[in-house]
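One structure is given here, and the rest of the page talks about it.
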């Protein structure tokens, strides 16, 4: 697999992609607040997502305190516990991970990596962020309305989501649904930008099959999100109408506290179908960007081309397509037609094939690589291990006969936290350690980073491995307190306390990470222009951090894929995508000098 | 080269390198803004498709009571077709550089659209007066919801329509607003197609 083109390549002309009319800020407000530059929007997205993510993290601490030390904290009532569970789940899945991967990394990396000066619709892109912020504020507002936020669980299943016995069944659930609707509107505006910029604004020579896998992951995840979020949008509107106007889209005839309600005939299972038609692709909306990013981190920090690039692209696209036909494996116990279970169990097993292929390819990328155990590499390896662990328990739950007894137990909680909580977050951390020098011009502190990595990685296993066991013995999820039962023994209670202590320690490590970022922005060691010696275009800008318009006078011209590491015959162990073949230093030429 | 052809290429091969080096421009020859509108239209299409899927699932349950389609709904369709035709005429006029005709086409298109929205409101009032109150009838609840969703999308289009008209009134000629007019017309045709599909769906169910 030789990358160097032996024959002389004629100088190609300048990029034929029409130059964009860049919006130039004229004031502090339009430069830093209402800014149309995708890099600023990315940081706004990232900052907001991390801020609301911290709320989600604190909620998880409170939940763990209750589970580990029941009857200790008087302020955690059963109602409050359910509200914390609900808000934690929704915040982490939608408002943190989706927003951070697509709004944050998507905005920062897409124009830079494809060689564009900005997103194609910068004004719409700016609106996207402000609508996202509005969605976050509406969600936060639900903490302060009478009755508090929704306590229906992050899946918001009717009928209980809008029945008065559920905490937050009044204003709380309505605000949640309105917030989700705004989030989707905002995301659609951003998503249009991501897709069209990738399709239409690539620079000369940047073919689809030369794009870094990070872009492939973000692109496919965005397409998934654009097609899947409408299901959540429709169900949010219908449930809002059920709640506010008393329609019966989802609400069946039901008796509440001995009183027959006006509802009649609605289908709660219909909501579940709509919700999971969005909900399962959502797993991949989070996972695919992580797959893409980790592929690039592994390649750069192992100084080796990604193994099976074409297969990796196909796997991303294939996983994206298959993710739309597996949704009902979340509904084996919902009362749906049992034959559906067979179909969805089969599709679930099929989707494991391209996913496993990616894991093999990541491992083979490392094989005989010049592995540098930098923080991005450590987090990437940790991701592979964690994703495999979480994926394997997914095979358990994908099978109907195994899923039925494990449904609604802590096993499920442990599974999805490993596969779509911890694993993608490890990639987020690896990506931040990797691209922080580009964004800020400074390096993050390595000692604090090592502490952050080891505590987070090992701590996550101390939390979630025992939790699988709790699920096996039958400890249910979403219970404020287990109380005395025949299957909950003292060791299990101790295990719960142990998990809580581990969770608090891991949480503390995240505070160290935030502190590291804040301190390093101002006092971090100045970064070299391309500290990891990466090949992709974002590291080839004239200035670091990249200025407005990303590149200098001329847009970059691309001559190769993004994985030209350790190329035989080349002096350097990396060849950037935009270096002309004639300018590549070859060994023979170097010896002749 | 289409998408699936392109993802079969091998970017690391020397023969492919030469081909790829010559490659420039977007994946589609259309301007980016038209590609963007098509992507948006696809998303809106999914919203309405899923709503219809939910409708068809819900109507299998015992309490489903079909509602009649008032005559006014037929009239509304004619008005919306008129809006679409007027928009298309504006496009043709823009292509032939006839600015005044563009203005007239856009004005007629907008007027018909506003008439359609007013007509839809009257339909809702008529159904209410007939005693089909939404909370007790899922068929009507769906009709109201889909009518409302469609109207919201039309109102979004009216923003673009208004901006285009303002540019014409501000002195822009046909060539300068041609793209905007084409985008408006495309969006109007799409919303007409959606409403025709929904109406046929209401009638047959």
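The values are calculated or read from the model by the stated rules, or taken from the named source; none is laboratory data. This one's a predicted model, so the numbers in the text were calculated from it and none came from an experiment. Because the Cβ atoms are built from the backbone with ideal geometry, glycine has one as well, and the counts that use them run over all protein chains shown.
Go through the stretch A:334-447 and tell me which helices (runs of 4 or more DSSP H), entirely inside it, have 3 or more residues that are in contact with a helix residue (DSSP H, G or I) (Cβ under 8 Å, 6 or more places away or on another chain) and closer than 30 Å to residue A:57 by Cβ. Let's see the steps before the verdict.
Values: elements: A:338-366, A:375-398, A:400-406, A:410-417, A:423-440.
Counting at least 3 such residues, we get A:338-366, A:375-398, A:410-417, A:423-440.
Put simply, of A:474, A:483 the only residue that is in contact with a strand residue (DSSP E or B) (Cβ under 7 Å, 6 or more places away or on another chain) and part of a loop (DSSP other than H, G, I, E, B) is A:474.
Quick one: is residue A:459 modelled with pLDDT of 95 or more and more than 22 Å from residue A:62 (Cα to Cα)? In short, no.
Is it true that residue A:467 is touching a helix residue (DSSP H, G or I) at 6+ places or on another chain (Cβ under 6 Å), at pLDDT 95 or above and over 15 Å from residue A:378 (Cβ atoms)? When the stated conditions are applied, residue A:467 passes them.
This table checks each residue for (1) within 14 Å of another protein chain (Cβ to nearest Cβ); (2) within 17 Å of the chain's Cα centre (by Cα); (3) crowded, with 18+ Cβ neighbours inside 10 Å.
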| position | (1), (2), (3) |
| --- | --- |
| B:87 | no, yes, yes |
| B:97 | no, no, no |
| B:110 | no, yes, yes |
| B:122 | no, no, no |
| B:145 | yes, yes, yes |
| B:170 | no, no, no |
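How about the stretch A:299-320: which of its residues are away from every other protein chain (no Cβ under 12 Å) and out of contact with any strand residue (DSSP E or B) (no Cβ under 6 Å at 6 or more places or on another chain)? Reasoning before the result, please.
First, the residues of the stretch A:299-320 that are away from every other protein chain (no Cβ under 12 Å): A:299-304, A:319-320.
A:299, A:300, A:301, A:302, A:319, A:320, listed by residue number.
Identify the residue in the stretch B:53-66 that is facing chain A (nearest Cβ under 7 Å) and part of a helix (DSSP H, G or I) and, among all such residues, is surrounded by the fewest Cβ atoms within 10 Å (Cβ to Cβ). If you could, list the steps in order and put the result at the bottom.
Here is the first cut: in the stretch B:53-66, the ones facing chain A (nearest Cβ under 7 Å) are B:54, B:57-58, B:61-63.
If we keep only those that are part of a helix (DSSP H, G or I) as well, we get B:54, B:57-58.
Working: B:54: 23, B:57: 14, B:58: 22.
Across the stretch B:53-66, the extreme among qualifying residues is B:57.
Could you tell me whether residue A:22 is closer than 30 Å to residue A:499 by Cα and either modelled with pLDDT of 85 or more or assigned to a loop (DSSP other than H, G, I, E, B) (or both)? Against the criterion (closer than 30 Å to residue A:499 by Cα and either modelled with pLDDT of 85 or more or assigned to a loop (DSSP other than H, G, I, E, B) (or both)), residue A:22 does not qualify.
Of everything in the stretch A:249-284 that's assigned to a helix (DSSP H, G or I) and more than 14 Å from every other protein chain (Cβ to nearest Cβ), which residue is nearest to residue A:212 (Cα to Cα)?
To start, the set of residues in the stretch A:249-284 that are assigned to a helix (DSSP H, G or I) comprises A:268-284.
Going one step further and asking which of them are more than 14 Å from every other protein chain (Cβ to nearest Cβ), we end up with A:280, A:282-284.
Values: A:280: 25, A:282: 22, A:283: 22, A:284: 18 Å.
Among those that are assigned to a helix (DSSP H, G or I) and more than 14 Å from every other protein chain (Cβ to nearest Cβ), it is A:284.
Selection within the stretch A:205-237: residues that are within 7 Å of chain B (Cβ to nearest Cβ) and surrounded by 24 or more Cβ atoms within 10 Å (Cβ to Cβ). The member of this set that is farthest from residue B:21 (Cα to Cα) is A:234. You will find that of B:72, B:30, B:37, the residue that is part of a helix (DSSP H, G or I) and either within 14 Å of the chain's Cα centre (by Cα) or within 10 Å of another protein chain (Cβ to nearest Cβ) (or both) is B:37 and no other.
Just one of the numbered conditions (1) under 34 Å from the mean Cα position of the chain (by Cα); (2) within 8 Å of chain A (Cβ to nearest Cβ) is not true of residue B:11: (1).
Please count how many residues of the stretch B:40-52 are farther than 14 Å from residue B:150 by Cα, buried (at least 18 other Cβ atoms within 10 Å of the Cβ) and more than 7 Å from chain A (Cβ to nearest Cβ). Show your work before the answer.
Within the stretch B:40-52, the subset farther than 14 Å from residue B:150 by Cα is B:40, B:42.
When the remaining residues are screened for being buried (at least 18 other Cβ atoms within 10 Å of the Cβ), the result is B:40.
From what's left, more than 7 Å from chain A (Cβ to nearest Cβ): none.
Number satisfying all stated conditions: 0.
Scan the stretch A:533-545 for residues that are surrounded by fewer than 22 Cβ atoms within 10 Å (Cβ to Cβ) and at negative phi and the total you get is 6. Number of residues in the stretch B:119-147 that are in contact with a helix residue (DSSP H, G or I) (Cβ under 7 Å, 6 or more places away or on another chain) and not in a helix (DSSP H, G or I) equals 1.
Within the stretch A:72-79, can one find any residue that is at negative phi and in a helix (DSSP H, G or I)? Scanning the stretch A:72-79, I find at least one residue that is at negative phi and in a helix (DSSP H, G or I), so the answer is yes.
Quick check on the stretch A:546-561: of everything there that is within 13 Å of chain B (Cβ to nearest Cβ) and touching a helix residue (DSSP H, G or I) at 6+ places or on another chain (Cβ under 7 Å), which residue is surrounded by the most Cβ atoms within 10 Å (Cβ to Cβ)? Lay out the reasoning, then the answer.
In the first step, residues of the stretch A:546-561 are kept if they are within 13 Å of chain B (Cβ to nearest Cβ); the result is A:555-561.
Imposing the further condition that a residue be touching a helix residue (DSSP H, G or I) at 6+ places or on another chain (Cβ under 7 Å) reduces the set to A:556, A:558-561.
Details: A:556: 24, A:558: 30, A:559: 26, A:560: 25, A:561: 25.
Here the answer is A:558.
Every condition in (1) free of Cβ contacts under 8 Å to residues at least 24 places away in the same chain; (2) under 29 Å from residue A:126 (Cα atoms) holds for residue A:253 except the one numbered (2).
Taking the listed residues A:173, A:178, the one that is buried (at least 24 other Cβ atoms within 10 Å of the Cβ), at pLDDT 95 or above and assigned to a helix (DSSP H, G or I) is A:173, with no other qualifying. Going through (1) in contact (Cβ under 8 Å) with a residue 24 or more places away in the chain; (2) out of contact with any strand residue (DSSP E or B) (no Cβ under 7 Å at 6 or more places or on another chain); (3) closer than 24 Å to residue A:408 by Cα one by one, residue A:160 falls short only on (1).
Between A:320, A:266, A:292, which is under 24 Å from residue B:53 (Cβ atoms) and under 18 Å from the mean Cα position of the chain (by Cα)? Please lay out each step first, then the result.
Details: A:266 fails: under 18 Å from the mean Cα position of the chain (by Cα); A:292 fails: under 24 Å from residue B:53 (Cβ atoms).
Just a single option satisfies the conditions, and that option is A:320.
Condition first: touching a helix residue (DSSP H, G or I) at 6+ places or on another chain (Cβ under 6 Å), surrounded by fewer than 24 Cβ atoms within 10 Å (Cβ to Cβ), at pLDDT 95 or above and over 25 Å from residue A:150 (Cβ atoms). Can you find one or more residues in the stretch A:76-85 that meet it? No: zero hits. For residue B:97, the conditions (1) touching a residue at least 12 places away in the same chain (Cβ under 8 Å); (2) under 26 Å from residue A:249 (Cα atoms); (3) not in a helix (DSSP H, G or I) all hold with the exception of (2).
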